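Take a look at the structure set out below.
Each reported figure results from applying straightforward, stated rules to the coordinates on display, with no laboratory input. What you see is a predicted model; the values in this text were computed from it and never measured. For neighbour counting, all protein chains shown are included, and Cβ atoms are generated from backbone atoms with ideal geometry for every residue, glycine included.
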Amino acid sequence: MEICFSIENLVYLRADKLNQEQGCGTDTTQFDKNTLPKLDWVAPMQRRRLSSFAKMALFCAHKSVMDEDANKTLDTIFSSRHGDLHKTSAILDDIANELSPSPTAFSLSVHNAVAGLFTILTNNTNASSTISAGSNSFFMAIVDAYARLKANNINEILFVHCDQVLPEVYTDYADELQIDHAIAFKMRLSQHCDASIKLEKLTGKFNESVALPEPDNGNSLPQSLQFLNWLEAEQGELEIHTHKTTWKLSK
């Protein structure tokens with residue numbers, strides 16, 4: 001499988017390299033609530049209900065399209081490996097302690113909650129989907145976005161990915177570095193891979209000639225941050241290994 005695409009209006013937040021605009025010069029893996037974007041475009045009552053996860057994703061999604069015409073809307077793809085797991089973990093903790101979970105917290109904990117919030121807050125009635133595919137969530141969402149662009153004959157789609165450091169109760173199961181981050185960009189099809197991005201998926205099951213090294217479990221960056229580092233570097237090619245899958249990027 002090989003796909004070619006280009007991206008525009010890249011926006012990101014990552015806690016390991018805090019933006020200078022946030023006024024913090026030290027590296028960290030988690031955002032402090034005081035350093036998160038304020039989301040002034042969201043009504044105060046709604047804003048108070050948003051988790052850190054939601055604020056990160058909504059900030060990047062909105063900033064990536066805020067230069068669009070007021071009446072223009074886009075199809076959207078939201079991606080997250082774990083979703084708003086801090087909120088879900090708190091609900092499970094309440095249930096374990098025989099407490100009644102908050103209905104509001106529950107409604108905002110489902111995996112597509114942020115995608116729904118974005119469409120409501122921006123009056124975007126276009127199609128939206130939310131992807132989770134384990135450690136391959138980021139690239140499988142790109143594949144889904146590419147399929148949507150091809151099948152629906154649309155010019156561009158808004159792509160959003162967000163993940164946070166796992167709650168403490170789940171840290172023993174982490175198989176990659178844990179860093180708060182969110183990424184958004186507009187994705188377009190491209191016929192000329194020499195001027196855009198080419199993504200190939202290589203699997204040992206279907207291509208026995210490809211030697212797939214095991215990922216450096218627990219010590220490797222998530223796909224999304226490896227992709228972002230590659231975009232910002234002058235590196236032509238990059239192979240990202242995830243369990244029994246290798247993704248090859250070139251530009």
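Just checking the listed ones, ALA174, ALA54, ALA182: in the Gaussian network model of the chain with Cα springs under 10 Å, the one fluctuating most is ALA174.
In the chain, the DSSP-assigned H stretches of four residues or longer account for a calculated mean residue ellipticity at 222 nm of -8500 deg cm²/dmol, using -39500 (n - 2.57) per stretch and the full residue count as denominator. Are there any trypsin sites (Lys or Arg not before Pro) in the stretch 30-124 that are in a DSSP loop and have at most 12 other Cβ atoms within 10 Å? List them by number. Of the trypsin sites (Lys or Arg not before Pro), the ones in loops of the stretch 30-124 whose Cβ has at most 12 other Cβ atoms within 10 Å are LYS38, LYS72. Spacing of the modelled spin labels on LYS198 and PHE106, each 7 Å from Cα toward Cβ, amounts to 5.1 nm.
Packing here is the average count of other Cβ atoms within 10 Å per residue, and on that basis the peptides 153-162, 98-107, highest first, run 153-162, 98-107.
Per residue, the convex hull spanned by the alpha carbons of the stretch 130-184 comes to 78 Å³. Pairs exceeding a 25 Å alpha-carbon distance, out of LYS186/LYS251; LYS55/LYS201; LYS150/LYS248; LYS38/LYS87: LYS55/LYS201. With the gyration tensor restricted to C-alpha atoms of the chain, the semi-axes of the equivalent ellipsoid amount to 29, 23, 18 Å, longest first.
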